[in-house]
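Structure first, commentary second.
The values are calculated or read from the model by the stated rules, or taken from the named source; none is laboratory data. Remember, it's a predicted structure, so these values are computed and weren't measured experimentally. When we count neighbours, we look across all protein chains shown, and the Cβ atoms used for this are built from the backbone with ideal geometry, even at glycine.
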Amino acid sequence: MTQSTGSFPQTASGQHPWGLWLLQAKRLVRIELRRNLFSWKASWIYFLAFVPTFIIAIHAVFNAHDPSDLSQDTKVLANVLQLYYVRLGVFFGCLGIFSRLIRGEMIERSLHFYLLSPVRREVLLMSKFVAGSITALCLFVTATLADVALMYLPYGPAGREYLLNGPGFGELKAYLLIIILACLGYGAVFLLLSMIFRNPTPGALLFLGWEAINPVMPSLLQKLSVASYLRHLMPVDVGAQGLFALLTVRTEPVSAWVASCGLLLLITVVLLYSCYRMRTLELRYATE
C-alpha cells in the first residue's frame, strides 16, 4: 500500500498557513501524549526512569547521613546520572518511546490514517517528536529532581546548604541540562532509525556500540555522538577506569555553551533528514 505525500495549499495571498499547521500540531501532540504517558506499554519506561529513585529512597530511609559522607554521596549521584541515565536509562527509554511513534504505527497498521489526513508530513513528524520529547522529559527530569532531593535533603541543614547555597545547585542545573539534551538527542536519532530500519532494535544496538566506543575514537569522529557532547557538560568527573581509561582519547574541554549548541546542531540535522525521509515514506503493509 503506497501513500501519496499530503500537503496543504497556500492561502489566497500566497502565504503558508502557519496558524493552521500550529493548530494541527497542538492537537497531534495532545493525542500522542495521551498514548505515550497513559499506556500500559510505557510501564517499563517508568521503571527505567524511577528504579534509581527507589534505590536512593531506600538509602535515604535506612542509612545514616553524617555530613562527612556528603562528598561521597555526591560522587554516587554523579555515577547514577552519568553511567546509568545517560548511557542506559535515557538511551533505552527514548528507544522505547520514539521507535513506536512511526514504526509502531506501521506495525499496528494505523499510520495511513494520519497520512491520508490533510496534514503535512513534516507537521506530523515534528508533532510526534515534540510529544515523544515531552514524554521523555516528564519522566526523566522528574526522576532526576527526585534523585537529587532524596540524596541531599536527608542530611538536614548541611544538605540544604549544599544544595541551595553551595555547588549542589549548579550541579543540579547541569544534570537537568544533560538529561534534556540527552532526551532530545537520542529521541531524534531513534525517530530516524525507526523510519530507516524495519526493526529499529539492531540499529539501536549498533548506535549503542558506537556510543560505547566513541571515547576511544579520534576527536573528529567523537563529534558524531550524542554522549561526546554530554561529557563536556558533566559537573562531576567520574572518569574512566582500568584498561578503558588507557584507550580513552582525551579531547580538549569546551564550554557548556559550545557543547550545547553543537548537540542542538546535530539534532537539527537529524530532524531535517527525518523530515526528508518522511516526505518520501511509502507504506507497504504486505512487507511489514
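Being assigned to a helix (DSSP H, G or I), at pLDDT below 85, among the small types (Gly, Ala, Ser) and under 21 Å from the mean Cα position of the chain (by Cα): is that true of ALA245 here?
For ALA245, the condition - assigned to a helix (DSSP H, G or I), at pLDDT below 85, among the small types (Gly, Ala, Ser) and under 21 Å from the mean Cα position of the chain (by Cα) - is not met.
Just checking, does the range 95-118 include any residue being farther than 25 Å from ALA204 by Cβ and crowded, with 23+ Cβ neighbours inside 10 Å?
No: the range 95-118 contains no residue that is farther than 25 Å from ALA204 by Cβ and crowded, with 23+ Cβ neighbours inside 10 Å.
With the requirement that a residue be surrounded by fewer than 19 Cβ atoms within 10 Å (Cβ to Cβ) and either under 23 Å from the mean Cα position of the chain (by Cα) or in a helix (DSSP H, G or I) (or both), what does the range 138-163 give you?
Scanning the range 138-163 gives CYS138, VAL141, THR142, LEU145, ALA146, ALA149, LEU153, PRO154, PRO157, ALA158, ARG160, GLU161.
With the requirement that a residue be surrounded by fewer than 13 Cβ atoms within 10 Å (Cβ to Cβ) and touching a residue at least 60 places away in the same chain (Cβ under 8 Å), what does the range 66-78 give you?
Within the range 66-78, LYS75 is the sole residue that qualifies.
Which of (1) more than 17 Å from LEU193 (Cα to Cα); (2) in a helix (DSSP H, G or I) is the odd one out, the single condition VAL130 does not satisfy?
Unmet for VAL130, out of (1) more than 17 Å from LEU193 (Cα to Cα); (2) in a helix (DSSP H, G or I): (1).
What are the pairs with Cβ atoms under 9 angstrom where one residue, in the range 113-129, is in contact (Cβ under 8 Å) with a residue 60 or more places away in the chain and at negative phi and the other, located anywhere, is among the β-branched types (Val, Ile, Thr) and surrounded by 21 or more Cβ atoms within 10 Å (Cβ to Cβ)? Sequence gap at least six, or different chains.
LEU125/ILE102; LYS128/ILE102
Answer yes or no: is there a residue in the range 278-288 that is at pLDDT 85 or above and either of a type in the set (Asp, Glu) or within 22 Å of the chain's Cα centre (by Cα) (or both).
So far as the range 278-288 goes, yes, one or more of its residues are at pLDDT 85 or above and either of a type in the set (Asp, Glu) or within 22 Å of the chain's Cα centre (by Cα) (or both).
State all residues of the range 1-25 that are modelled with pLDDT of 50 or more, within 20 Å of ILE102 (Cβ to Cβ) and of a type outside the set (Phe, Trp, Tyr); if no residue qualifies, say none.
GLN24, ALA25
Taking the conditions exactly as written (out of contact with any Leu (no Cβ under 7 Å at 6 or more places or on another chain), crowded, with 16+ Cβ neighbours inside 10 Å and under 26 Å from ALA188 (Cα atoms)), does VAL90 satisfy them or not?
Considered against the rule, which asks whether it is out of contact with any Leu (no Cβ under 7 Å at 6 or more places or on another chain), crowded, with 16+ Cβ neighbours inside 10 Å and under 26 Å from ALA188 (Cα atoms), VAL90 comes out as yes.
To keep it simple, each residue is scored yes or no on (1) within 24 Å of ILE180 (Cβ to Cβ); (2) in contact with a Phe, Trp or Tyr (Cβ under 7 Å, 6 or more places away or on another chain); (3) not charged (D, E, K, R).
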{"site": "LEU48", "(1), (2), (3)": "yes, yes, yes"}
{"site": "HIS59", "(1), (2), (3)": "no, no, yes"}
{"site": "LEU77", "(1), (2), (3)": "yes, no, yes"}
{"site": "ILE97", "(1), (2), (3)": "yes, no, yes"}
{"site": "ARG103", "(1), (2), (3)": "no, no, no"}
{"site": "TYR114", "(1), (2), (3)": "no, no, yes"}
{"site": "ARG120", "(1), (2), (3)": "no, yes, no"}
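Please go through the range 39-65 and pick out each residue that is surrounded by fewer than 13 Cβ atoms within 10 Å (Cβ to Cβ) and under 15 Å from LEU137 (Cα atoms).
Listed by number, the list holds a single entry, PHE47.
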